[in-house]
1. Taking all pairs of distinct Cα atoms, average 1/r, flip it, and tell me the Kirkwood hydrodynamic radius of the chain in Å to one decimal place.
2. Rounded to whole Hz and in sequence order, give me ³J(HN,Hα) for segment 7-21 from the Karplus expression 6.51 cos²θ - 1.76 cosθ + 1.60, θ = phi - 60°, writing x for Gly and Pro.
3. Under the definition of Cα pairs under 8 Å and six or more residues apart, what whole-number percent is the relative contact order of the chain?
4. Mind checking the full-extension length gain between Cys42 and Lys12? Use 0.36 nm per residue of separation minus the Cα-Cα distance, one decimal, nm.
5. Would you mind checking which residues have amide H under 5 Å from Asn31's amide H? H placed 1.01 Å from N; only 5 or more apart, or other chain.
6. Any idea what the dipole of the chain comes to, in debye rounded to 20, about its Cα centre with Lys/Arg Cβ at +1 and Asp/Glu Cβ at -1?
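Only the coordinates and a few stated rules stand behind these numbers; no lab work does. For clarity, every value in this text was computed on a predicted model and none was experimentally measured. Note: ideal-geometry Cβ built from the backbone for every residue, glycine included; neighbour counts use all protein chains shown.
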Amino acid sequence: MTNQGECPKCGKRVLHVNIENIVGMIGGEANGRCLSYCCIHCNAVLGVQVDPRSKRRTRRKATTPKEQ
């Protein structure tokens, strides 16, 4: 039998989670792509980690009003 945890907020068994892509912030700057794991019953965040399969985001060159 496998070990199954409980959600710390609602107390229900966690058999499935909602996974969302989010952006990690360091010092107020968007720095990387992350994954958020949430309880399907109450939507409490159970964990966050850096997305190991994400590709580096390319930096956009700042545009001036004349270029638009």
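1. 14.8 Å
2. Karplus values, whole Hz, x for Gly and Pro: 5, x, 8, 9, x, 7, 5, 9, 9, 9, 10, 8, 10, 10, 7.
3. For the chain, the relative contact order is 23 percent.
4. Extending this stretch completely gives an extra 9.9 nm.
5. Residues meeting the criterion, in which the H sits 1.01 Å from N, are Gly24, Met25, Ile26.
6. 360 debye
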